[in-house]
1. When a/c reaches 1.5 or more, the comparison of a/b and b/c decides; with that in mind, is segment 440-573 rounded, prolate or oblate per its Cα gyration tensor?
2. Tally the DSSP beta bridges in the chain and give the antiparallel ones as a percent, rounded to 5.
3. Just to confirm my understanding: which cysteines in the chain have no other cysteine beta carbon less than 4.7 Å from their beta carbon?
4. About the Cα centre of segment 271-315, what is the dipole size in debye to 20, counting +1 per Lys and Arg Cβ and -1 per Asp and Glu Cβ, all else neutral?
5. Heavy-atom accessible area per residue, the chain, 1.4 Å probe: how many Å²?
6. For the charge dipole of the chain, defined by +1 on Lys and Arg C-beta atoms and -1 on Asp and Glu C-beta atoms about the Cα centroid, which residue among Phe575, Ala334, Ile102 has the Cα displaced farthest towards the positive pole?
7. How about segment 188-247: which chymotrypsin sites (Phe, Trp or Tyr not before Pro) there lie in a loop by DSSP and see at most 15 other Cβ atoms within 10 Å?
8. Can you compute the charge dipole magnitude of segment 285-376 about its Cα centre, using +1 on each Lys and Arg Cβ and -1 on each Asp and Glu Cβ, nothing else charged? Give it in debye, rounded to the nearest 20.
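The values are calculated or read from the model by the stated rules, or taken from the named source; none is laboratory data. Quantities reported herein were computed from a predicted structural model and do not represent experimental measurements. Please note: Cβ atoms are built from the backbone with ideal geometry, for glycine as well, and neighbour counts cover all protein chains shown. Heads up: the accessible areas ignore ligands, DNA and RNA and are worked out on the full protein's heavy atoms, side chains in. Shrake-Rupley method; radii C 1.70, N 1.55, O 1.52, S 1.80 Å.
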Amino acid sequence: MKLVFEDKCNNKQEHKNAKSFIEFVLMLKDNRFDSINIECPDEKSNVPAPDYHLIEPGILIEIKGVHDRQMVEQQAAWGHNISRFEKKVKELDLSGIKGTYIIQTPVKINQTKGKVKEILEILVNAVENNKQKVFISGVGQFIIHHMNEVGQDISFLQMGEAGELNTASIIYQNLNDKILKANNQLNYITNRKKTHKILLLVNNYIFADTYKRYIDALTHSISEIMECRNIDEIWLQHVTNTGKYVHTCLYKKDLLESFYNQDITYMTKNIRLFMKWFYPLSKANDDNKALAYNIIKRIIGEIKPPEIIKDFFIRQEIVKMGEWHAKNGNYDEALWVIDRFIDDPDPEEPDEYSGDPKYNYHQLIKNGEDLGLITTVLGHLAWTIQQITVKKEYIVKALEYTESLLKHENLYVKHQAIIPLLEIAARRRWLPGYGLRPYEKEYKKFHDITFELIEIVEKHPEYIAISRALCRVFKYYQDLSTSETECVLNTLKNTSDSAALFVYHCIYRKNHFKELNIEFDDIAISQMLTDIINDKSYISLRSSIAGQLWRILEDKKDTFDHLEQFVDLFFKQEFDNQLYKNLEMIIESCVEDKPDICINWYKDLLNSILLFISNNPGKYSRGSIWLMSKPEIMNKINNKAPEKVLEVNELLDKLLDKGVM
């Protein structure tokens, strides 16, 4: 197809952008013309007119370039200043400079009028004295880079401003007036009864790298756009690094009106465009979110969502709406979301993953990493399921959904499924079968799926993310038998997060759940805590257990006699810096109430440090060990047992000589 532009079009600034877009549009419209005559109304009209008129198909096109006006103005001001710098620097004596230097300047170079020479002399002096940075009062900070030893040259480079850019807001500020003006220009009258009117936005803004930023910007001016009845479509054009023109439809005239009127027929027909607007519209406010949800629910119907919504990000946003509904008490809607997305293919089965390794969350967990992010459709779905566990009438249903996620082969899905499992554990008394032994009904299902996770960690102790999540579950799930408790503690001792479990089961569990018919050998379980304290291979766990005991003693002084036997064991262990900090805090908390015992503990602690320094000259460096609570402890010893101060001070003096702080 041949494009025949009238002569006045060829000199237009937009001509190159227009030619590519017109060819694209005609291909979409499936026009069957051998040639298309194109005129440029704005070049000959006395009234507002668009850039191009495709006469035969009857298409009007107005082209607007989009850039960050403030950035352009800053660049112009910077360029003006730097041209003066570069001209003046050639007049200076650079004989003291050896090599080529680039000086980064601020984006805004303040108060340079009449001071260019003075500023440059300061910069040249800084270069001569090998400085890397120089701050000139009232002007700004400059950074100096020595590039090589060749010649005697100084050039200048702009330094970027720190801070996060709100790209959508910047686009909106530079776009809104252009849209209103284009609407006026596209009101141009032709000889045809009907013309199709298009606004083409040409992206010239470096940070607006995707159409999503433009649609986000357009949602800032929804009411204005809906009033622009002369614009049938808005398209975006951007150029790739290889010089290819890419065109994306951003808007059609009836889209927003159909959205607010809940026109399902229109939305279904234009579902690809609606999907582009789905997230920006739904995040604008709760009313829009409800409208977007209602439309997508009706479009999906009984169809599996991935069949019509290919973008997994949009599916994630729909799933998050389920969580939003549950938080607002709309549990039926939350259940609809869960039912529709419970078998979503995001994330993939482990063997099917082909993306960037840094996003292979299954493999990351397998490698021993602990993930703190919520992502993927099923990952977000777990949090929606969590929200329905808080209602007694839905907890059995929540257990079924959780079991479904736990059957997934992807470890990340299993990890996220522990989120609702934790909430079910906290409310397990609601489950049919609670308190019965042997296990029955839904309580048996809860028990089985929880211990299936324990079996996974037992086989793969490197799955730290799963271990840590299970520790939170078993802070609630405590009505365990002796064998179950042994299994849980032995499996989860691969993470220091299990410290609270050891303290509870080995010290306090024997006093609980007596109304249930559960076999529990408190002596055997208590021995497990003793064994861990004596096992120096569990450095981090032992330290965390000591920290747990300190917090208990800090809050409840009357538990000292009950916990003394376990605390005493710690002071018989070899020195470990983190462990001994927690032991120091125990002494500080208890020395006033139990001075004799705590002073002996303190002496044991100090002697252990001396022994460590003596036996490990290669591992110890002066100043690497700190006694953080020394002043507080010594003040309390002085108040309660002044006769012991001297012997404790003798030990402290020896440690001071060794460089202990």
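1. Numbers: a/c = 2.01, a/b = 1.32, b/c = 1.53.
Oblate is the answer for segment 440-573, as a/c is 1.5 or above yet b/c matches or exceeds a/b.
2. Numbers: 21 of 45 bridges.
Close to 45 percent.
3. So far as the 4.7 Å Cβ criterion goes, Cys228, Cys249, Cys471, Cys487, Cys506, Cys590, Cys598 stand without a partner in the chain.
4. Values: 9 positive and 5 negative charges, 25 e Å.
The dipole magnitude comes to about 120 debye.
5. Details: 33100 Å² over 661 residues.
Here the per-residue accessible area is 50 Å².
6. Projecting each Cα onto the dipole axis, the largest value belongs to Ile102.
7. Working: sites: Tyr188, Tyr205, Phe207, Tyr211, Tyr214, Trp235, Tyr245; in loops: Tyr188, Tyr205, Phe207.
Of the chymotrypsin sites (Phe, Trp or Tyr not before Pro), the ones in loops of segment 188-247 whose Cβ has at most 15 other Cβ atoms within 10 Å are Phe207.
8. On the way: 11 positive and 20 negative charges, 64 e Å.
My answer is approximately 300 debye.
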